[in-house]
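Enquirer: I'd like to ask some things about the structure below.
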Amino acid sequence: MSALTRYESLDDFFPAFFRRLARPTDIEASMAAEIRLDVTENDKEYLVSAEVPGAKKDDVRVQIDGNIVTITTQMRKDVEEKRADGGRTIVRETWRGQSSRTLSLAQDVDDKAATAKLEDGVLRLTLPKRAGTASRLIAIQ
């Protein structure tokens with residue numbers, strides 16, 4: 001006769017399963033990151049800080065169309081694993097990614113006076129408001 005034992009591995013399955021879901025896979029870690037924004041304004045301009053980690057100046061494009069601002073990054077990263085003894089490369093992993101973020105502002109932007117500066121993975125945009133496009137309240141009759 002066989003002894004009957006309690007099978008408890010199912011109790012451990014669900015917590016372990018959800019821990020695995022919370023960890024990013026290698027593929028997810030190598031994908032281009034989402035562009036995160038902070039947008040502030042004053043009477044004269046909008047100030048935008050966009051996180052674009054790993055992007056170079058040539059990888060970033062900013063397009064202004066009235067009150068619509070689009071930030072696009074096109075990145076490529078090459079990683080080589082080399083043997084310590086000077087042997088040839090047997091694994092080469094590359095990834096490419098594009099991220100884009102569009103925001104709609106309350107007023108049109110003066111695209112001629114707008115400036116962009118990329119420093120330490122943060123893109124800083126100064127977007128002056130176009131004169132004469134301020135919103136106004138219309139009285140209802």
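The values are calculated or read from the model by the stated rules, or taken from the named source; none is laboratory data. Everything quoted here is computed from the prediction, not taken from an experiment. Cβ sites come from the backbone with ideal geometry, for glycine too, and all protein chains shown count toward neighbours.
So that you can scan it fast, the table gives a plain yes or no per residue for (1) touching a strand residue (DSSP E or B) at 6+ places or on another chain (Cβ under 7 Å); (2) farther than 11 Å from Arg101 by Cα; (3) part of a strand (DSSP E or B):
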{"position": "Asp43", "(1), (2), (3)": "no, yes, no"}
{"position": "Val48", "(1), (2), (3)": "yes, yes, yes"}
{"position": "Gly54", "(1), (2), (3)": "yes, yes, no"}
{"position": "Thr70", "(1), (2), (3)": "yes, no, yes"}
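Enquirer: Also, quick follow-up: Given the criteria among the basic types (Lys, Arg) and modelled with pLDDT of 80 or more, does Arg36 qualify?
Expert: Here the answer is yes, as Arg36 does meet what is asked.
Enquirer: Another question, if that's okay. Of all residues in the stretch 64-83, how many are within 19 Å of the chain's Cα centre (by Cα) and either modelled with pLDDT of 95 or more or of a type in the set (Val, Ile, Thr) (or both)?
Expert: Here the count works out to 7.
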